[in-house]
Amino acid sequence: MTDATPKIRIRGLTKSFGPKRVLDGIDLDVMPGTSCVVIGGSGSGKSVLLRCILGLITPDSGSIEIDGVDILALPARRRESAIEKIGMLFQNGALFDSLSVWENVAFGLMAAGRRHGARMARAEARAHAGRVLEQVGLDPSVGALSPSELSGGMQKRVGLARAIASQPDILFFDEPTTGLDPIMGAVIDGLIVDCVRRLGSTAIAITHDMASAQRIGDRAAMLYQGKLIWQGAASALLNSGNPMVDQFTHGRREGPISMELRR
Ligand SMILES: Nc1ncnc2c1ncn2[C@@H]1O[C@H](COP(=O)(O)OP(=O)(O)OP(=O)(O)O)[C@@H](O)[C@H]1O
Ligand SMILES: [Mg+2]
């Protein structure tokens, strides 16, 4: 792989649910070690895009290359091991309430170990989870609690700890700061930037928060009616010169984007 090979290269990605075409020919390149922020209205398909890359949703057509290899064309087992390298912070946290915090953090590690026949001892996994919890600013003693005993901000940190636990070279963040107070949001953004820099990872982050988008992203892209209608520097989000991006990033009611009824 040369430096010019995107870490993630998406071409012509489409996905419909029934008559509704959610993704309608997505082309996106994310270069190694950079972060791309995806913005777009609620229901525009941002989460579906990440879920397609993660193999949780099967796209109808198109290609998704990771390190130059089309993962959709790989046999299932090889696709799984390519996707295993991706750490994901889910929009809703998606922590398992039946597991303790440390088990949640170590979940991916232990599962991957089992698949590769190299079981990680529980004590070792627990110690590792404690170190990762510290990296996201939580006391390792939090590991013994149940996710339901934590505040929303702490749950986001645990979700972040789980995403980075295996030191993945690709990280996805689906609305990492939604529902957090502004200071906690900035703290989580800082942790994300730190993690991405420390691991040298490539990241895609979805956010509705323009301050957050500019803190996290190098590049940005806007999804509208199934297409990426704009791509540019994240620093240009508030003065992109594109009327649709402007309306969205400045939160204007009037403009080319009209409210549609959801179904
Ligand atoms: N598994 C599914 N089955 C059917 N429809 C789905 C499925 N997943 C998503 N959709 C539909 O795809 C569209 C896009 O959903 P998606 O979750 O990607 O939106 P989003 O851009 O992430 O929105 P938000 O900002 O509210 O999280 C929605 O209309 C949704 O109802
Ligand atoms: Mg979403």
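The values are calculated or read from the model by the stated rules, or taken from the named source; none is laboratory data. Values in this document were obtained by computation on a predicted structure and should not be read as measured data. Positions of Cβ are backbone-derived with ideal geometry, glycine not excepted, and every protein chain shown enters the neighbour counts. With ligands, DNA and RNA removed, areas are computed over all heavy atoms of the protein, side chains included. Shrake-Rupley method; radii C 1.70, N 1.55, O 1.52, S 1.80 Å.
Summary of computed values
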{"item": "Considering residues of region 1-41 that are within 16 Å of ligand 2 (Cβ to nearest atom) and loosely packed, with under 13 Cβ neighbours inside 10 Å only, the residue farthest from residue 196 (Cα to Cα)", "result": "20"}
{"item": "Checking residue 219 against (1) open to solvent by less than 70 Å² (accessible area, probe 1.4 Å); (2) at pLDDT 90 or above; (3) not β-branched (Val, Ile, Thr), the condition it does not meet", "result": "(1)"}
{"item": "Residue satisfying all of: in region 192-202; open to solvent by less than 10 Å² (accessible area, probe 1.4 Å) and under 15 Å from residue 165 (Cα atoms); nearest to ligand 2 (Cβ to nearest atom) among these", "result": "192"}
{"item": "When residues of region 21-41 are limited to those that are under 15 Å from the mean Cα position of the chain (by Cα) and either among the small types (Gly, Ala, Ser) or in a helix (DSSP H, G or I) (or both), the one farthest from ligand 1 (Cβ to nearest atom)", "result": "33"}
{"item": "Of residues in region 42-59 being in a loop (DSSP other than H, G, I, E, B) and within 6 Å of ligand 1 (Cβ to nearest atom), the one surrounded by the most Cβ atoms within 10 Å (Cβ to Cβ)", "result": "45"}
{"item": "Hits in region 167-191 (condition: crowded, with 21+ Cβ neighbours inside 10 Å and touching a residue at least 40 places away in the same chain (Cβ under 8 Å))", "result": "170, 171, 172, 173, 174, 176"}
{"item": "Selected residue [surrounded by fewer than 18 Cβ atoms within 10 Å (Cβ to Cβ) and more than 16 Å from ligand 2 (Cβ to nearest atom)] from 150, 160, 238", "result": "238"}
{"item": "Subset of region 140-164 (residues that are at pLDDT below 90 and in a loop (DSSP other than H, G, I, E, B))", "result": "151"}
